[in-house]
Amino acid sequence: PCFCCPPTVTSPCKILKCNSEFWAATSGSHHLGAEEAPEFCTALRAYAHCTRRTARTCRGDLAYHSAVHGIDDLMVQHNCSKDGPTSQPRLRTLPPGDSQERSDSPEICHYEKSFHKHSAAPNYTHCGLFGDPHLRTFTDTFQTCKVQGAWPLIDNNYLNVQVTNSPVLPGSSATATSKLTIIFKSFQECVEQKVYQAEMDELPAAFVDGSKNGGDKHGANSLKITEKVSGQHIEIQAKYIGTTIVVRQVGRYLTFAVRMPEEVVNAVEDRDSQGLYLCLRGCPANQQIDFQAVRSAQATEGRARRKGPSLPAPPEAFTYETATAKCREKLPVEDLYFQSCVFDLLTTGDVNFMLAAYYAFEDVKMLHSNKDKLHLYERTRVLSPGNTAPTGTHPALWVALLCLCWLCLL
């Protein structure tokens, strides 16, 4: 997408136009009776026809592929035939004065008011991704992962988040987030489908269609983008699902943090198909890295003046001692955020990864509902065969055993 262009310039991919035409045609038909199904199927076929017309220019667009998949699902759910009449979508008439600046959102568009009016406040959870990359899941599991390429971070009934991780250095296994796509799915009278995309050196303060809220529906302002620091920090408030998202660019790479109610986190059609939803399930075992064992081994290497088993030489910019000193400047508590900072400085030599860990923890302080769980200290991964240390062995003990073996050989 062209982030630098004014909103009047549109992408060749017209999927957002197809989406808005379909939702305009089916406005008010979210709970269809049997007698309304033919009309819905007609609109759905028109939607499919629109996506086919723009297929060539939308080949690499995540929103396009999401729409095509959604159409197929809706066809099955409503027993619609792919052959049959299509109709031009009818335009929805808005009340006088309705616009993107409309402020009187329906109650349904405020999560806490609508879903929890007569019950306890919702339980909020947090997920974050930063650095090389380090993942904190909705269940407060902390992992360091490889996950190169595109991976789904969140995928539920309300929104989809996908990240792309790229190598930091040629020939290195270190990766960091270079692209982020967020799809907010259309929701009742609150918001139209909106897509947000960011990538290295492009952190826009608007959705891809140039808007800054949920569109022309009554509850449009229940979805808003706010620019906190130009080109460095944006915040997206989705009040209709009680969700806050923070996206930052630190150095060349992106960080992501979200606060979301458990009810929304778990709103998925098929739990069995959510195995790669990283914020919910964590990274696959074969994509995880035991960074504490690697870090301990690097520390031992820096002090040892003898030959023995070794890791690839880290970048020259930091030794273990200078990396720990640098990380203490911003992260005085030696928790997993501090340790991930040290790991990233040793593997990349880029001081911006220290800032990424610092801002990730600042986002936790803002977004996590349980202030007793801000700091995490213990390794949350059970190692599998073939990794840095044997299963169940503490990294410090493993390093001690290595040193003992070396001494025996002298």
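Among the residues of region 40-49, is any outside any loop (DSSP other than H, G, I, E, B), open to solvent by 50 Å² or more (accessible area, probe 1.4 Å) and at pLDDT 80 or above?
yes
Select from region 152-188 the residues that are farther than 24 Å from residue 354 by Cβ and part of a strand (DSSP E or B) and list them in ascending order.
Answer for region 152-188, where residues must be farther than 24 Å from residue 354 by Cβ and part of a strand (DSSP E or B): 152, 154, 155, 159, 160, 161, 162, 181, 182, 183, 184, 187.
Which residues, taken from region 3-39, are open to solvent by less than 70 Å² (accessible area, probe 1.4 Å) and modelled with pLDDT of 70 or more?
Listed by number, the residues that qualify are 13, 15, 16, 18, 19, 21, 22, 23, 25.
With 281, 248 as the choices, which residue is under 18 Å from residue 126 (Cβ atoms) and open to solvent by 60 Å² or more (accessible area, probe 1.4 Å)?
When all the criteria are applied, what remains is 281.
Please go through (1) under 23 Å from residue 18 (Cα atoms); (2) assigned to a loop (DSSP other than H, G, I, E, B); (3) within 18 Å of the chain's Cα centre (by Cα) for residue 198 and return the number of the only condition it doesn't satisfy.
(2)
Filter region 221-245 down to residues that are more than 18 Å from the chain's Cα centre (by Cα), surrounded by 16 or more Cβ atoms within 10 Å (Cβ to Cβ) and either of a type in the set (Lys, Arg) or more than 26 Å from residue 125 (Cβ to Cβ) (or both), then give me how many there are.
Residues in region 221-245 being more than 18 Å from the chain's Cα centre (by Cα), surrounded by 16 or more Cβ atoms within 10 Å (Cβ to Cβ) and either of a type in the set (Lys, Arg) or more than 26 Å from residue 125 (Cβ to Cβ) (or both): 0 in total.
Among (1) closer than 28 Å to residue 143 by Cα; (2) modelled with pLDDT of 95 or more; (3) not small (Gly, Ala, Ser), which single condition is residue 225 missing?
(1)
Can you report the number of residues in region 210-253 which are over 14 Å from residue 192 (Cβ atoms) and of a type in the set (Phe, Trp, Tyr)?
The qualifying residues number 1.
I'd like the full set of residues that are of a type outside the set (A, V, I, L, M, F, W, C) and either in contact (Cβ under 8 Å) with a residue 60 or more places away in the chain or in a strand (DSSP E or B) (or both), limited to region 140-151.
140, 141, 143, 144, 146, 149, listed by residue number.
Okay, residues lined up against (1) open to solvent by 10 Å² or more (accessible area, probe 1.4 Å); (2) touching a Gly at 6+ places or on another chain (Cβ under 6 Å):
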site: 110; (1), (2): yes, no
site: 138; (1), (2): yes, no
site: 147; (1), (2): no, no
site: 155; (1), (2): yes, no
site: 159; (1), (2): no, no
site: 184; (1), (2): no, no
site: 192; (1), (2): yes, yes
site: 206; (1), (2): yes, no
site: 214; (1), (2): no, no
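The values are calculated or read from the model by the stated rules, or taken from the named source; none is laboratory data. Remember, it's a predicted structure, so these values are computed and weren't measured experimentally. Glycine gets a Cβ as well: all are built from the backbone with ideal geometry, and neighbour counts include every protein chain shown. Surface areas here come from the heavy atoms of the whole protein model, side chains and all, with no ligands, DNA or RNA. Shrake-Rupley method; radii C 1.70, N 1.55, O 1.52, S 1.80 Å.
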